[in-house]
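The values are calculated or read from the model by the stated rules, or taken from the named source; none is laboratory data. This is a predicted model, so every value here is computed, not measured. With ideal geometry, Cβ positions are generated from the backbone for all residues, glycine too; neighbour counts draw on all protein chains shown.
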Amino acid sequence: MRNRDHRKGISLALQTNLYFIRHGEGMTNISNRILDQCVGSGLTPRGVQQVQQLHERLRITDEIHADAVVTSSFQRALETAQLLAPLWLAPIVVDNDLQELRYGEDDMLYADFHAHYGSFNVRDQPDRQKSPRGESWQQFAARATGAIDRIRETYAGQRVVLVTHGGVIRALFYRVLRLDLSRADWGHSRLEYTSITHWCHEQTDTSARWSLLCWNDAAHLYFIRLAPPSVWP
């Protein structure tokens, strides 16, 4: 509920804090295969170690107090959420709409996928679907940002951890900043595995705004020389 100062007639902002955590390194990120929900599509041993380092950081600093934990159903994100869950009392909520861009295939070499469906840059062709059962970037971005809006409304005024993917985190960034995808420089929107990105949404009776408080905070990886190169998705 939004608070109001009746003495001054001022409507106070309702703040919803969303903490986006990118998954740890997944098998798909090192295997050159599309591996999302099939057997063996979870975290690599290195990915598990990255999540453990984040867990230790958050345990020591107590910097995130979560009222809810929502995760993508892709295995690499789900395993990340499960490893972090003991930090908070909130149960894990699985949300399919937080999935990365859907290729429409699973357990398939990227080379075979591109040979069969063609290879193209989504920035140049944002309306082209990856495959007949896959998504275009525009479809993906609409789904991802729609899910974020729904979660924000469901948990209005609360603190929510969202364990998801680089594309989902970037999709919100592009929408809030109204960036043209064809001109977006992904090199400057780098996202490390298990990095934290913190957005705050403020809502009043007359206005709403997003504030980016933290982007790609992966200090826990650098402390132990584990920082990996960022690989999308």
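Exactly one condition in (1) in a loop (DSSP other than H, G, I, E, B); (2) modelled with pLDDT of 95 or more; (3) not aliphatic (A, V, I, L, M) is false for Ser211; which is it?
The one condition Ser211 does not meet is (1).
Within segment 106-125, track down each residue that is touching a residue at least 24 places away in the same chain (Cβ under 8 Å) and touching a Ser or Thr at 6+ places or on another chain (Cβ under 6 Å). Lay out the reasoning, then the answer.
Our first condition is that a residue be touching a residue at least 24 places away in the same chain (Cβ under 8 Å); within segment 106-125, this holds for 106-111, 113, 122-124.
The one that is touching a residue at least 24 places away in the same chain (Cβ under 8 Å) and touching a Ser or Thr at 6+ places or on another chain (Cβ under 6 Å): Arg123.
Of all residues in segment 35-82, count the ones that are basic (Lys, Arg) and touching a Gly at 6+ places or on another chain (Cβ under 9 Å).
We begin by selecting, within segment 35-82, every residue basic (Lys, Arg); these are 46, 57, 59, 76.
Next, only the ones that are touching a Gly at 6+ places or on another chain (Cβ under 9 Å) stay: 46, 76.
Qualifying residue count for the region: 2.
Only residues in segment 161-172 that are more than 16 Å from Ile151 (Cα to Cα) count as the first member; pair them with residues that are modelled with pLDDT under 95 and polar (S, T, N, Q), Cβ under 8 angstrom, at least 6 apart or cross-chain, and list the lot.
Once the first residue is more than 16 Å from Ile151 (Cα to Cα) and sits in segment 161-172, its partners that are modelled with pLDDT under 95 and polar (S, T, N, Q) give Gly166/Ser230; Arg170/Ser189.
Quick one: Arg22 ticks every box in (1) modelled with pLDDT of 95 or more; (2) in contact with a strand residue (DSSP E or B) (Cβ under 6 Å, 6 or more places away or on another chain) except a single one, so which number is it?
For Arg22, the failing item is (2).
Criterion first (part of a loop (DSSP other than H, G, I, E, B) and either in contact with a strand residue (DSSP E or B) (Cβ under 6 Å, 6 or more places away or on another chain) or β-branched (Val, Ile, Thr) (or both)) does Val39 satisfy it? Reasoning before the result, please.
On the way: part of a loop (DSSP other than H, G, I, E, B): yes; either in contact with a strand residue (DSSP E or B) (Cβ under 6 Å, 6 or more places away or on another chain) or β-branched (Val, Ile, Thr) (or both): yes.
Yes.
Given the options Tyr174, Tyr155, Tyr222, Tyr193, name the one that is of a type in the set (Phe, Trp, Tyr), modelled with pLDDT of 95 or more and over 15 Å from Asn17 (Cβ atoms).
Numbers: Tyr174 fails: modelled with pLDDT of 95 or more; Tyr155 fails: over 15 Å from Asn17 (Cβ atoms); Tyr222 fails: modelled with pLDDT of 95 or more.
Residue meeting the stated conditions: Tyr193.
Among the residues of segment 105-124, which ones are in a loop (DSSP other than H, G, I, E, B), in contact with a Phe, Trp or Tyr (Cβ under 8 Å, 6 or more places away or on another chain) and either farther than 14 Å from Gly167 by Cβ or of a type in the set (Asp, Glu) (or both)?
Within segment 105-124, the first condition is being in a loop (DSSP other than H, G, I, E, B), and the residues that meet it are 105-107, 118-124.
Filter once more, keeping what is in contact with a Phe, Trp or Tyr (Cβ under 8 Å, 6 or more places away or on another chain): 105, 122-123.
Across segment 105-124, the qualifying residue is only Glu105.
Within segment 24-47, is there a residue that is out of contact with any Lys or Arg (no Cβ under 6 Å at 6 or more places or on another chain), closer than 25 Å to Leu181 by Cα and of a type in the set (Asp, Glu)?
Yes, some residue in segment 24-47 is out of contact with any Lys or Arg (no Cβ under 6 Å at 6 or more places or on another chain), closer than 25 Å to Leu181 by Cα and of a type in the set (Asp, Glu).
Of all residues in segment 56-106 being of a type in the set (S, T, N, Q) and closer than 23 Å to Leu221 by Cα, which is surrounded by the most Cβ atoms within 10 Å (Cβ to Cβ)? Lay out the reasoning, then the answer.
Kept after step one, since they are of a type in the set (S, T, N, Q), are these residues of segment 56-106: 61, 71-73, 75, 80, 82, 96, 99.
In the following step, the residues that additionally are closer than 23 Å to Leu221 by Cα were identified as 61, 71-72, 75, 80, 82.
Numbers: Thr61: 9, Thr71: 24, Ser72: 26, Gln75: 21, Thr80: 31, Gln82: 16.
The qualifying residue surrounded by the most Cβ atoms within 10 Å (Cβ to Cβ) is Thr80.
Which residues, taken from segment 49-100, are out of contact with any Ser or Thr (no Cβ under 9 Å at 6 or more places or on another chain) and assigned to a loop (DSSP other than H, G, I, E, B)?
Across segment 49-100, the qualifying residues are Asp62, Glu63, Ile64, His65, Ala66, Asp67, Ser73, Trp88, Leu89, Ala90, Pro91.
Go through (1) among the hydrophobic types (A, V, I, L, M, F, W, C); (2) more than 14 Å from the chain's Cα centre (by Cα); (3) not in a helix (DSSP H, G or I) for Val163 and report which single condition fails.
(2)
Being surrounded by 19 or more Cβ atoms within 10 Å (Cβ to Cβ), closer than 29 Å to Asp205 by Cβ and of a type in the set (Val, Ile, Thr): is that true of Val122 here? Full working, then the answer.
On the way: surrounded by 19 or more Cβ atoms within 10 Å (Cβ to Cβ): yes; closer than 29 Å to Asp205 by Cβ: no; of a type in the set (Val, Ile, Thr): yes.
So Val122 fails the test.
When you scan segment 57-80, how many residues do you find that are over 17 Å from Asn29 (Cβ atoms) and of a type outside the set (Ser, Thr, Tyr)?
First, pick out the residues of segment 57-80 that are over 17 Å from Asn29 (Cβ atoms): 57-71, 73.
Subsequent filtering for residues that are of a type outside the set (Ser, Thr, Tyr) retains 57-60, 62-70.
Of the residues in segment 57-80, 13 are over 17 Å from Asn29 (Cβ atoms) and of a type outside the set (Ser, Thr, Tyr).
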